[in-house]
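Since the structure comes first, as structure tokens, the remarks are kept for the end.
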Amino acid sequence: MDYWIIEIFTSIQGEGEIIGTPSNFIRLARCNLRCLWCDTTYSWEKGIKMGVDEIVSHIRNEIRMTTITGGEPLLQNLIPLASRLKAEGQRIAVETNGTIKPSDELRKTVDVFSVSPKLRNSGHRINYGEMDWATYFKFVILNKEDLKEVKDFVEEHGIDPGKVIVQPDGRREDYIESLRQLSSDVMDLGLPFRVLPQLHRIISVR
């Protein structure tokens, strides 16, 4: 099976619960959303077509984790690729916006689903369905009101707050200050969410 690919590279995982872990990255083309603050708009393009064998040939197998990201990777059938990566001994993470529910077969193959539901600050209003397949959730926060929206979202969907990570807008030039402000706002509102940076905004190891 062929996939539309934007890029394949190896780096340190910069986000979420697996932050700091060395990982291969496969960035798939196309997205079903156009978020206002998107920092990978180039992934909206068509990309290049590659088969599973060619994709795997670009993977550093001594790095035992592979992250499939986008764009929105669940727009493409990930089962053949994920199955091959698993056969190669890879631990697999999929980064998704949560608008497309993975199949039961894919859920059995993928180790980590990093889900980033979109708040109103993205320019979208999405009615998300059942979310129990997510390993953890990441939210991009622009201001204090966004945190209140996350709180409502978590309560509405019955999400364990321990699975929730909030992070500042990665486009800000004063990124460290935005991280401080977000931490202060979380404490001020008495929220149980984890505040984590995008590590790749602080270091560059690619």
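No lab work stands behind these numbers, since they all come straight from the coordinates. Just so it is clear, the structure is predicted and the values come from calculations on it, not from any experiment. Heads up, the Cβs are rebuilt from the backbone with ideal geometry, glycines too, and the neighbour counts pull from every protein chain shown.
Using the structure shown, list the pairs from 86/118; 101/163; 46/151; 101/138; 49/163; 49/138 with a Cα-Cα distance above 27 Å, or answer none.
Beyond 27 Å: 86/118; 46/151; 49/163; 49/138.
Need the full-extension length gain, residue 152 to residue 187, defined as separation in residues times 0.36 nm minus the C-alpha distance. One decimal, nm. Intermediate results must be reported in sequence, preceding the final value.
On the way: separation 35, 0.36 × 35 = 12.60 nm, distance 1.68 nm.
Stretched out fully, the residue 152 to residue 187 stretch lengthens by 10.9 nm.
Cα centroid distance between region 185-203 and region 21-56, in Å?
Each part's Cα centre sits 26 Å from the other's.
So how do 165, 100, 92, 12 line up by other beta-carbon neighbours within 10 Å, fewest first?
Details: 165 19, 100 12, 92 23, 12 15.
Listing 165, 100, 92, 12 from fewest to most nearby Cβ atoms yields 100, 12, 165, 92.
Starting from the 7 Å offset along Cα-to-Cβ, what nm value, one decimal, do you get for the label separation of residue 130 and residue 12?
Each label point lies 7 Å from its Cα, and together they span 3.9 nm.
Let me know the Rg and Dmax you get for the chain when you use only its Cα atoms, in Å.
My reading of the Cα-based Rg and Dmax gives 16.7, 51 Å.
Label residue 52 and residue 171 with points 7 Å out from Cα along Cα→Cβ: what is the distance between them in nm?
So the label points at residue 52 and residue 171 sit 3.8 nm apart.
So how do 69, 135 line up by other beta-carbon neighbours within 10 Å, fewest first?
Numbers: 69 21, 135 16.
If I rank by nearby Cβ atoms, fewest first, I get 135, 69.
Any idea what the relative contact order of region 91-206 is, in percent, if you count C-alpha pairs under 8 Å spaced at least 6 apart?
So the answer I get is 19 percent.
If R0 is 25 Å, what FRET efficiency do you get for residue 108 and residue 77 from their C-beta distance, rounded to 0.05? Mind showing how you got there, number by number?
Working: r = 15 Å, r/R0 = 0.60.
It comes to 0.95.
Specify which residue in the list 58, 73, 90 is farthest towards the positive end of the charge dipole of the chain, using unit charges on the beta carbon of Lys, Arg (+1) and Asp, Glu (-1), about the Cα centre.
Projecting each Cα onto the dipole axis, the largest value belongs to 58.
Can you tell which of 184, 6, 162 lies farthest toward the positive end of the dipole of the chain, using +1 and -1 charges on the Cβ of basic and acidic side chains (Lys, Arg; Asp, Glu)?
Value: 6.
Under a point-charge model restricted to the Cβ atoms of Lys and Arg (+1) and Asp and Glu (-1), what is the dipole moment magnitude of the chain relative to its Cα centre, in debye to the nearest 20?
Working: 27 positive and 30 negative charges, 63 e Å.
For this selection, approximately 300 debye.
Take every DSSP beta bridge whose two residues both sit in the chain, then give the antiparallel share in percent to the nearest 5. The partial results should precede the final answer.
Details: 11 of 32 bridges.
Around 35 percent antiparallel, to the nearest 5.
For region 1-90, report the convex hull volume of the alpha-carbon atoms normalised per residue, in Å³, without decimals. Walk me through the intermediate numbers first.
Working: hull volume 8.6 nm³, N = 90.
Spelled out: Cα convex hull of region 1-90, divided by residues, is 95 Å³.
What number, rounded to the nearest 500 deg cm²/dmol, is the helix-based mean residue ellipticity at 222 nm of the chain, given -39500 (n - 2.57) per DSSP H run of at least four residues and division by all its residues? List each step's numbers first, then the result.
Working: 5 runs with 49 residues, N = 206.
Result for the chain, helices only: -7000 deg cm²/dmol.
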